[in-house]
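Engineer: For reference, the structure I am asking about is given below.
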Amino acid sequence: MKEPGQEGPRASAWPRRLAQGPARIISPEELASWVVYEDARLVVVNKPGDVVCHPSKHGPWSSLVGAARTRSNLETIHLVFRLDRETSGVVVLAKDPKMASRLQKAMQDRKVGKAYAAILTGSLGEAVVVDQPLGADTASPVFMKSAVTPDGQKSVTRFEPVSSAGGFTLVRVTTETGRKHQIRAHAQWLGMPIVGDKIYGPDARLYLEFIDKGWGPALESRLLLPRQALHCARIDLRPAGLEHVFDAPLPADMAGFCARVGLDARRALPD
């Protein structure tokens, strides 16, 4: 299977992305509703699919890290691992450097269990493991895009179908490595891109169109959802020595899409 090439000149999307309009500002009430667990050392959040993790120039309430730090009255809060802006689900933040270092090392040693739910375009009949190296996609018009490349870093993703209907498949996804955009790039390599993915879907130029013009009927007709249907459904910290497993149910936008096309969203969470 080959990843489809993209035509057109290569261009950095990042400077243009800054001009897409006002930042998403989080309210204290919203953030409180997203918290699924908190103690003296951790805060765990079920992030929506329109929130940036890393601090931005638009102030503390324009990012998950900034808002969580302000809410907790801390000088610093540590993002153990991040999710892309349009990926929803479980995010773990550490309140002190020792806990952050412990969990970040556990992540590097693959001692944190992570499971995702995704909706793929197409019918996947059986579980498949994609073991394909990922590197920069130098042919793409979107600067940040990754692609399967012979000289890329080792990348391994497992896709397990749980429900298929209407030309779509709800899958559970686990990864053995943690590369940039790994799940999305491997789904595209399979020829089954994630529904709503502006960069790894039908044409990466749709992302540039979104940056320039925003969401509208033309993009909806091709992408079907305003954001990629990818959700971090579970974080298991038991392999890291902490007795915590955090689950986040399928968000309303993905569950609604499943209902419309006949997918069984009840099976999205790991067993």
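The values are calculated or read from the model by the stated rules, or taken from the named source; none is laboratory data. What you see is a predicted model, and the numbers here were worked out from it, not measured in a lab. As a convention, Cβ positions derive from the backbone with ideal geometry for all residues, glycine included, and neighbour counts pool all protein chains shown.
Engineer: Go through (1) at pLDDT below 95; (2) more than 17 Å from Pro48 (Cα to Cα); (3) not polar (S, T, N, Q) and name the single condition His186 misses.
Structural biologist: Of everything listed in (1) at pLDDT below 95; (2) more than 17 Å from Pro48 (Cα to Cα); (3) not polar (S, T, N, Q), His186 misses just condition (1).
Here is a yes/no grid of residues against (1) surrounded by 22 or more Cβ atoms within 10 Å (Cβ to Cβ); (2) more than 26 Å from Asp50 (Cβ to Cβ); (3) in contact with a strand residue (DSSP E or B) (Cβ under 7 Å, 6 or more places away or on another chain):
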position	(1), (2), (3)
Thr87	yes, no, yes
Val90	yes, no, yes
Leu93	yes, no, yes
Asp96	no, yes, no
Met99	no, yes, yes
Arg102	no, yes, no
Lys105	no, yes, no
Lys111	no, yes, no
Ala117	yes, no, yes
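Engineer: Would you tally the residues in the stretch 167-188 being assigned to a loop (DSSP other than H, G, I, E, B) and among the small types (Gly, Ala, Ser)?
Structural biologist: So the answer is 2.
Engineer: Please enumerate the residues belonging to the stretch 229-256 that are in a helix (DSSP H, G or I), in contact (Cβ under 8 Å) with a residue 60 or more places away in the chain and within 17 Å of the chain's Cα centre (by Cα).
Structural biologist: Scanning the stretch 229-256 gives Asp253, Met254.
Engineer: Among (1) within 20 Å of the chain's Cα centre (by Cα); (2) surrounded by fewer than 24 Cβ atoms within 10 Å (Cβ to Cβ); (3) over 17 Å from Gly89 (Cβ atoms), which single condition is Ser221 missing?
Structural biologist: All conditions pass for Ser221, except number (1).
Engineer: Take the residues of the stretch 189-211 that are in a helix (DSSP H, G or I) and within 20 Å of Gly49 (Cα to Cα): which is farthest from the chain's Cα centre (by Cα)? Before the answer, list the steps.
Structural biologist: Applying the first criterion (in a helix (DSSP H, G or I)) to the stretch 189-211 yields 189, 205-211.
Checking the rest, the ones that are also within 20 Å of Gly49 (Cα to Cα) come to 206-211.
Working: Leu206: 18, Tyr207: 16, Leu208: 19, Glu209: 21, Phe210: 18, Ile211: 19 Å.
Within the stretch 189-211, the match that is farthest from the chain's Cα centre (by Cα) is Glu209.
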